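Contents: one structure, followed by commentary.
The values are calculated or read from the model by the stated rules, or taken from the named source; none is laboratory data. The structure displayed is predicted, hence computed values, not measured ones. Note: ideal-geometry Cβ built from the backbone for every residue, glycine included; neighbour counts use all protein chains shown. When the accessible area is computed, the model is the full protein with side chains, heavy atoms only, and any ligands, DNA or RNA have been set aside. Shrake-Rupley method; radii C 1.70, N 1.55, O 1.52, S 1.80 Å.
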Amino acid sequence: MNANLEHELPLRPYLLGDLNSDEQQRLEQRLMIDSAAYEELNCVEDELIDDYLEGALSGNEKQKFENYFLSAPERRQKLDFASALKR
Amino acid sequence: MNTQPLPKKEWNLTQEAFAKFLSWLGRNPDDAGKKYEDIRRRVIKIFVCRGCDCPEDLTDETINRVIFRSQEIAETYVGDPALYFYGVAHKVHLEYLRKKPDIQPPLPSDGSLRSEEEYGCLDQCFERLLPRSRELVLEYYQEEKPSKIEFRKQLALQLGIPLNALRIRIWRIRTNLHACVVQCLQQKAMK
């Protein structure tokens with residue numbers, strides 16, 4: 001398992017919609033075939049949600065989280081669940 | 001890459017065609033089935049990450065087109081089929097964007113309207129976790145920033161596993177917990 005994937009791959013920017021089209025496609029192609037990268041994405045996704053709930057995102061990140069990250073209904077459900085888990 | 005919409009009136013999925021598709025994914029049906037599920041999961045994730053409100057529908061459309069195309073390409077295609085799925089998914093997404101109305105997602109709720117049922121299900125599902133998993137989740141989330149990263153590194157050390165392995169373990173427990181809560185709420189809704 002590559003412990004440096006968290007730093008090597010631009011997963012947070014990807015989740016917040018901050019990558020350009022080429023960067024996004026390169027990352028997604030990697031996610032399709034690299035299991036470690038895919039697992040890392042799942043972890044970073046949950047951690048981003050936790051950071052949002054803890055108020056640890058910058059103003060800019062928070063806006064992107066609310067406007068982009070939460071576009072998918074599945075993500076809103078995950079946020080609800082994470083919020084309940086934290087109580 | 002030809003990824004035109006499937007001519008549904010002209011082509012019906014036969015058992016033979018599906019078998020050919022599966023044989024492209026793996027040497028035996030078990031391997032092919034696992035590969036299929038794995039690819040499907042990743043394509044859904046990509047549609048979710050791209051902000052689509054119907055990721056599973058878009059994934060189904062992607063898979064339908066790939067099954068159709070696989071009849072032609074299976075024997076000559078070189079490389080991981082997952083990347084072919086990705087190429088088709090990308091086109092499906094572009095078509096989706098052309099049709100999709102521009103609607104802002106609703107602001108996240110502050111949790112004040114969360115029902116007792118939801119908390120009840122969470123408690124129930126939490127109790128169903130193996131004791132070790134339950135303790136691990138409680139320990140993992142007991143610290144918040146700024147000390148939580150260092151705390152989690154220490155926790156991983158105590159467990160004798162890399163931090164990444166701990167993060168993945170937590171993700172799996174959390175995902176299973178969420179699935180349990182969703183199922184519990186659906187069962188309550190049916191009563």
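Of all residues in the stretch A:29-47, which are among the acidic types (Asp, Glu) and free of Cβ contacts under 8 Å to residues at least 12 places away in the same chain?
Selection gives A:Asp34, A:Glu39, A:Glu47.
Regarding A:Ala36, is this residue outside any helix (DSSP H, G or I), open to solvent by 30 Å² or more (accessible area, probe 1.4 Å) and facing chain B (nearest Cβ under 9 Å)?
Here the answer is no, as A:Ala36 does not meet what is asked.
Kindly indicate whether any position in the stretch A:48-66 is in contact with a Cys (Cβ under 8 Å, 6 or more places away or on another chain) and either in contact (Cβ under 8 Å) with a residue 40 or more places away in the chain or in a helix (DSSP H, G or I) (or both).
No: the stretch A:48-66 contains no residue that is in contact with a Cys (Cβ under 8 Å, 6 or more places away or on another chain) and either in contact (Cβ under 8 Å) with a residue 40 or more places away in the chain or in a helix (DSSP H, G or I) (or both).
I'm told A:Gly55 meets every condition in (1) closer than 28 Å to B:Glu139 by Cα; (2) modelled with pLDDT of 95 or more; (3) open to solvent by 40 Å² or more (accessible area, probe 1.4 Å) except one. Can you identify the failing condition by its number?
Result: A:Gly55 fails condition (2) only.
Given the criterion part of a helix (DSSP H, G or I) and within 20 Å of A:Glu45 (Cβ to Cβ), identify the matching residue among B:Asp60, B:Asp38.
Among B:Asp60, B:Asp38, only B:Asp38 is part of a helix (DSSP H, G or I) and within 20 Å of A:Glu45 (Cβ to Cβ).
Would you be able to tell me the number of residues in the stretch B:160-190 that are among the charged types (D, E, K, R), surrounded by fewer than 19 Cβ atoms within 10 Å (Cβ to Cβ) and at pLDDT 90 or above?
The number of residues fulfilling the criteria is 2.
Return the pairs, sorted by first residue and then second, in which the second residue is open to solvent by 90 Å² or more (accessible area, probe 1.4 Å), the first residue lies in the stretch B:144-168 and is in a loop (DSSP other than H, G, I, E, B), the beta carbons are less than 8 Å apart, and the residues are 6+ apart or on different chains.
B:Ile161/B:Arg169; B:Pro162/A:Met1
Going by the conditions given, is A:Leu11 surrounded by 18 or more Cβ atoms within 10 Å (Cβ to Cβ), more than 7 Å from chain B (Cβ to nearest Cβ) and not charged (D, E, K, R)? Can you show your working first?
Numbers: surrounded by 18 or more Cβ atoms within 10 Å (Cβ to Cβ): yes; more than 7 Å from chain B (Cβ to nearest Cβ): yes; not charged (D, E, K, R): yes.
When the stated conditions are applied, A:Leu11 passes them.
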